[in-house]
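The values are calculated or read from the model by the stated rules, or taken from the named source; none is laboratory data. Owing to the predicted nature of the structure, the values given are computational and were not obtained by experimental measurement. Quick reminder, even Gly has a Cβ in these numbers, built from the backbone with ideal geometry, and neighbours come from all protein chains shown.
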Amino acid sequence: MGARSLSQTHCHQYADGGSGADAELLRSAGVDNTEVPSACCGLAGNFGFERGHYDVSVAAAEQCGCR
């Protein structure tokens, strides 16, 4: 049986051409990947790790239904 994976396209990937290259790489390696249908997680870059951003991150997650 082949490998399976679950992935989420990162926000910067949406802005920079999508995740097609990632999907192709996984396919060529024999990985059965399923992309999670989601939007922004509110944690781009180091944003989610900096003090004072928790409320904004939670609001973004709630808005896109990521919780």
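Contact map, segment 5-20: first residue assigned by TED's automatic domain parsing to the domain that holds residue 31 and under 12 Å from residue 33 (Cβ atoms), second residue modelled with pLDDT of 85 or more and in a loop (DSSP other than H, G, I, E, B), Cβ cut-off under 8 Å, separation 6 or more or different chains; pairs are 5/31; 7/19; 9/19. Look at residue 4 and say whether it is at pLDDT 90 or above and surrounded by fewer than 11 Cβ atoms within 10 Å (Cβ to Cβ). Spelling it out, residue 4 is indeed at pLDDT 90 or above and surrounded by fewer than 11 Cβ atoms within 10 Å (Cβ to Cβ).
Across segment 21-60, the number of residues qualifying as under 15 Å from residue 6 (Cβ atoms), touching a helix residue (DSSP H, G or I) at 6+ places or on another chain (Cβ under 9 Å), assigned to a loop (DSSP other than H, G, I, E, B) and at pLDDT below 90 comes to 2.
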